[in-house]
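To start, the structure itself, in structure tokens.
The values are calculated or read from the model by the stated rules, or taken from the named source; none is laboratory data. This structure is a prediction, so every number in the text was calculated from the model and none was measured. A quick note on method: Cβ atoms are made from the backbone with ideal geometry, for glycine too, and the neighbour counts reach across all protein chains shown.
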Amino acid sequence: MSDFYKDRPERIAALKKALGERILVLDGAAGTFIQDYDLDEAAFRGERFADWSCDVKGNNDLLILSRPDIVRAMHEAYLGAGADMIETNTFSATSIAQGDYAMEELAFELNREGARMARAAADAAATNARPRFVAGAIGPTNCTASISPDVNDPGKRNVDFDALAASYGEAARGLIEGGADAILIETIFDTLNAKAAIYAVQELFDELGFDIPIMLSVTITDQSGRTLSGQTTEAFWHAVRHAKPLSVGVNCALGPDLMRPYVAELAKVADCCVSAYPNAGLPNAFGGYDETPASMTQHLGEWAQSGLLNIVGGCCGTTPDHIRAFADAVAGLAPRAVPEPDPAMRLSGLEPFKLAG
């Protein structure tokens, strides 16, 4: 087993202590950082996968094994910019998502080695006064359990709950073995997928005999204020609060100008920490992102001053320069106070339901 197991309680205690003292800074986009290298097919393959049976260009997670120098440089850049917590480069490192590249069998290795790499970078940057943390990233996969892939067959599904749970559980096992301080289930567009991930992680905890914090982050896909599977922000929270996450938040899809109402909604109802890591605006006509560090900081600084945040970072289009600006903006500001909700029965469908006692 990894040496991580030996100091797990101390690490988790340090993370919770830090959250009580200040707004923690999460890192920025992995894809944006990697795209700047302009890698071709051969670069993605490296030596180990030179004879792979299909194209692998675009499989950013594979760089953990084929170009670890790039992944290390990314972690070091975000830590150097002021990130308190870095994500593993494992957003698509589930067996389901890796199926696009016929690399399902690599899923566990990708997660374990990705976590080891992030752990080493975080430990190298840490000081006694300022520990650094690793969030083991688990993305939503490229399948959805709630929505048919065929408009002519509403009942059709390309994945089921059990398959999702098995895939998520394998990824989580690798992340834990590699040394992640928390499991971050992120970019949640289908709550049923997220429930499968939560189930898998908690089953894994039971098997291992210990747990680490779970972090959740939902994606509100547009200004309708709903996930892709139709839930409002509060309804989503009601559906997942049983997991007792360390944090819940919003990421991706929207820029900071459009995301604020949904972050504020979570900040009002969630009895845990709240995170936000928006895109650098909506993609422009060329597929790029126009929000600068300064323009994003105007929004995120106000959110922090308004008491909405415990964790702040960046998603698509954000860079180390963005993270440095965010870190400067929230330095010295008090973290959001976690509320104690009144006793009530809270249920959800597409809308939230609350029955007070």
Practice prompt. Say whether the condition of being at pLDDT 95 or above and at positive phi is met by at least one residue in the stretch 166-173.
Written response: no
Item to complete: Could you tell me whether Asn142 is closer than 22 Å to Ser217 by Cα and part of a helix (DSSP H, G or I)?
Response: no
Worksheet item: Where residues in the stretch 98-110 are of a type in the set (A, V, I, L, M, F, W, C) and touching a helix residue (DSSP H, G or I) at 6+ places or on another chain (Cβ under 8 Å), which of them is surrounded by the most Cβ atoms within 10 Å (Cβ to Cβ)?
Response: Leu110
Worksheet, complete the sentence: Heads up, the helices (runs of 4 or more DSSP H) in the stretch 1-111 (entirely inside) with at least 1 residues that are at pLDDT below 95 and more than 25 Å from Val250 (Cβ to Cβ) are 8-21
Worksheet item: Among Ala120, Ala115, which is the only one that is buried (at least 24 other Cβ atoms within 10 Å of the Cβ), in a helix (DSSP H, G or I) and not basic (Lys, Arg)?
Response: Ala115
Worksheet item: Of the residues that make up the stretch 206-219, is at least one of a type in the set (Val, Ile, Thr), more than 17 Å from the chain's Cα centre (by Cα) and at pLDDT 95 or above?
Response: no
Item to complete: Consider only pairs whose beta carbons are under 6 Å apart and that are at least six residues apart or on different chains; among these, list those whose first residue lies in the stretch 6-27 and is surrounded by fewer than 17 Cβ atoms within 10 Å (Cβ to Cβ) and whose second residue is small (Gly, Ala, Ser).
Response: none
Worksheet item: Residues Ala337, Ala304: which one is more than 22 Å from Ile188 (Cβ to Cβ), free of Cβ contacts under 8 Å to residues at least 60 places away in the same chain and not hydroxyl-bearing (Ser, Thr, Tyr)?
Response: Ala337
Practice prompt. Answer yes or no: is there a residue in the stretch 130-141 that is in contact with a Pro (Cβ under 8 Å, 6 or more places away or on another chain) and surrounded by 24 or more Cβ atoms within 10 Å (Cβ to Cβ).
Written response: no
Worksheet item: Residue check: is Ala126 crowded, with 19+ Cβ neighbours inside 10 Å and either among the small types (Gly, Ala, Ser) or under 22 Å from Leu192 (Cβ atoms) (or both)?
Response: no
Worksheet entry | Within the stretch 183-228, considering residues that are among the small types (Gly, Ala, Ser) and surrounded by fewer than 20 Cβ atoms within 10 Å (Cβ to Cβ), the one farthest from Glu10 (Cα to Cα) | Ser224
Worksheet item: When the residues of the stretch 146-175 are filtered to those that are among the aliphatic types (A, V, I, L, M) and part of a loop (DSSP other than H, G, I, E, B), which remaining residue is surrounded by the most Cβ atoms within 10 Å (Cβ to Cβ)?
Response: Val159
Practice prompt. Taking the residues in the stretch 49-79 that are of a type in the set (Gly, Ala, Ser) and under 20 Å from the mean Cα position of the chain (by Cα) as candidates, determine which candidate is nearest to Glu113 (Cα to Cα).
Written response: Ala73
Response to the item:
For the stretch 304-333, the count of residues that are among the small types (Gly, Ala, Ser), surrounded by 13 or more Cβ atoms within 10 Å (Cβ to Cβ) and part of a loop (DSSP other than H, G, I, E, B) equals 5
